[in-house]
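Right, one structure below, let's go through it.
The values are calculated or read from the model by the stated rules, or taken from the named source; none is laboratory data. Values in this document were obtained by computation on a predicted structure and should not be read as measured data. Note: areas computed on protein heavy atoms with side chains; ligands, DNA, RNA excluded. Shrake-Rupley method; radii C 1.70, N 1.55, O 1.52, S 1.80 Å.
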Amino acid sequence: MNKELKFKTSMNCGNCVAKVTPSLNEVVGADKWTVDTDNPDKILTVATEKVTEEEIMNAVKKVGFTIVPA
C-alpha cells in the first residue's frame, strides 16, 4: 500500500524541479512525486511503498536543496 510523505523544500520554480528530477526519479520513480511551487512551503509530495523519508531527503539534499518533513 502506498503511503504519502510530505516535505517542505526550497524548490521554488520549474528549473529547481527540473534539477531535482533525475535524483528523485532514481530513488522514488517517475510519476511518484510532485512539488507544489505555488505553496509557500514548496511542498514535495511522494507516494511510495518502500522508500524512506531519509532516502528522499538525501536525494533532494545532494542536488543542493533544503528539505524537512512537513
Multiply the residue separation of residue 70 and residue 8 by 0.36 nm, subtract the distance between their alpha-carbon atoms, and state the gained length in nm to one decimal.
21.8 nm
Accessible area in square angstrom per residue, the chain, 1.4 angstrom probe
61
First compute the accessible area of the chain with a 1.4 Å probe, then give the percent of it belonging to carbon and sulfur atoms.
48
